Amino acid sequence: MTKSRDRILELFRHAADNFLSGEDICRDLGITRTAVWKQIRQLRDLGYEIEAIPSKGYRLQTTPDTLISSEVSAGLDTDVVGRNIVFLPETDSTNTQARQLAQEGAEDGTVVIADRQSRGKGRMGRFWVSPSGVNLYLSIILRPEIELRHATQMTFLTAVAVAEAIESVGDFTPHLKWPNDVLLNGRKIAGLLNELNAETEQIHFMVLGIGVNLNMEQDQFPSDLRSPATSLLVEGGKKISRLEFTRLLLKKIDKLYSLYRDGGFAPILSAWEQRCHMLGRKVEVDYQHSRVVGVVKGLDEAGALLLSRTDGGEERVLAGDVKLLP
Ligand code: BTN
């Protein structure tokens, strides 16, 4: 019945502030008055406020901050990202679901969004706190025609898109921390988890997992988090529409993806470096059971961190946890 629901929402959107008669809805959808009434009840259960006046029909008064697919796709004029949107009120992890859908042949640009995740996955086997109604949890399936060694470039593309989206919704200046954290005022505001399915040199698909803390209250963060986290609500003092943010983010990713396909990694790298507060600074990186100290020079084509060690040598770090030193 999702199709009928989506069509009714579309009719409401066209009607703007006007009433829609029950008869018109019946005719348009080819369903009975009782069936229309059922749909209206379900929409109300989802949080839509709908006025019903017997002589006039129905009028949409307010729309909830829901991420159901028809709401996210309304007005989403993207090329690839979001061509197909799957909304799950609750799931284990959108990355797990996206992987499954991709294996079943889901098209390039499919987006899986959840209101809540019971097993949100973070990097290095960590857990991503994912309560309902407040944040954004989504995964994008992409089938990029790029070399396997360039797959990590997609992480930097996603990080830039998240930072740009955050910059557009308020007076925020996010920073990017290698390899895939987005920070606001020194605390983590978003996390990215990209997964790859490839064979020899060929990428079958990638899953770009993105979690953004939008409206989580300070006391919703567990006290034992490894690194301090925050939300846009905590930092900016006002709620952010999840729906608007999601649309904005998908548009940004789509635009950068098209820039990347046309112009390669260089413009993405430069946008990432502009927001990286670690360039030229002394850092300590823990990786492969060892620790390196050096000054950050930048990134290479594979997204590896280039360090100039204190002993004068050069170091290329592919993965690890990096910390700024005073
Ligand atoms: C990190 O540890 O920084 C990465 C966190 C990634 C969380 C997002 S939420 C949507 C997607 N689904 C998951 O299970 N994880 C990613």
- Failed condition for T152, given (1) more than 30 Å from S223 (Cβ to Cβ); (2) among the hydroxyl-bearing types (S, T, Y); (3) within 14 Å of the ligand (Cβ to nearest atom), with all others met? (3)
- Message: Name the residue that is farthest from I113 (Cα to Cα), counting only residues in segment 82-100 that are among the charged types (D, E, K, R) and part of a loop (DSSP other than H, G, I, E, B).
- Response: R83
- Query: Looking at segment 200-212, which of its residues are more than 9 Å from the ligand (Cβ to nearest atom) and over 18 Å from V160 (Cβ atoms)?
  - Reply: T200, E201, Q202, I203, H204, F205
- Note on the structure: Residue set S231, S241; condition modelled with pLDDT of 95 or more and away from the ligand (no atom under 16 Å from the Cβ); output residue S241
- Residue within segment 172-179 that is in contact with a Ser or Thr (Cβ under 7 Å, 6 or more places away or on another chain), surrounded by 15 or more Cβ atoms within 10 Å (Cβ to Cβ), under 30 Å from V283 (Cα atoms) and basic (K, R) present: no
- Message: What's the total number of residues in segment 123-145 that are in contact with a strand residue (DSSP E or B) (Cβ under 7 Å, 6 or more places away or on another chain) and farther than 25 Å from C276 by Cα?
- Response: 8
- Note on the structure: The correct count of residues that are touching a strand residue (DSSP E or B) at 6+ places or on another chain (Cβ under 7 Å) and of a type in the set (V, I, T) in segment 221-252 is 2
- Query: Going through segment 1-52 one residue at a time, which ones are surrounded by fewer than 16 Cβ atoms within 10 Å (Cβ to Cβ), within 24 Å of L76 (Cα to Cα) and β-branched (V, I, T)?
  - Reply: T2
- Query: If only one of S258, S308 is among the hydroxyl-bearing types (S, T, Y) and touching a residue at least 40 places away in the same chain (Cβ under 8 Å), which one is it?
  - Reply: S258
- Query: Can A114 be described as over 19 Å from G211 (Cα atoms), of a type in the set (A, V, I, L, M) and touching a residue at least 24 places away in the same chain (Cβ under 8 Å)?
  - Reply: no
- Query: Looking only at segment 46-79, which residues are over 18 Å from L243 (Cβ atoms) and more than 24 Å from the chain's Cα centre (by Cα)?
  - Reply: E51, A52, I53, P54, S55, K56, G57, Y58, R59
- Scan segment 311-326 for residues that are surrounded by 13 or more Cβ atoms within 10 Å (Cβ to Cβ), among the charged types (D, E, K, R) and assigned to a loop (DSSP other than H, G, I, E, B) and report the count. 0
- Message: Condition first: assigned to a helix (DSSP H, G or I) and either more than 9 Å from the ligand (Cβ to nearest atom) or over 22 Å from M216 (Cα atoms) (or both). Now tell me which residues in segment 101-142 satisfy that.
- Response: L101, A102, Q103, M124, G125
- Query: Could we say that T96 is of a type in the set (S, T, Y) and either buried (at least 24 other Cβ atoms within 10 Å of the Cβ) or more than 13 Å from the ligand (Cβ to nearest atom) (or both) here?
  - Reply: no
- Name the single residue, out of those in segment 158-199 being closer than 18 Å to A102 by Cβ and touching a residue at least 24 places away in the same chain (Cβ under 8 Å), that is nearest to the ligand (Cβ to nearest atom). L193
- Query: Which residues, counting only those in segment 244-272, are more than 19 Å from A114 (Cα to Cα), hydroxyl-bearing (S, T, Y) and at pLDDT 95 or above?
  - Reply: Y257, S258, Y260
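The values are calculated or read from the model by the stated rules, or taken from the named source; none is laboratory data. Owing to the predicted nature of the structure, the values given are computational and were not obtained by experimental measurement. Cβ sites come from the backbone with ideal geometry, for glycine too, and all protein chains shown count toward neighbours.
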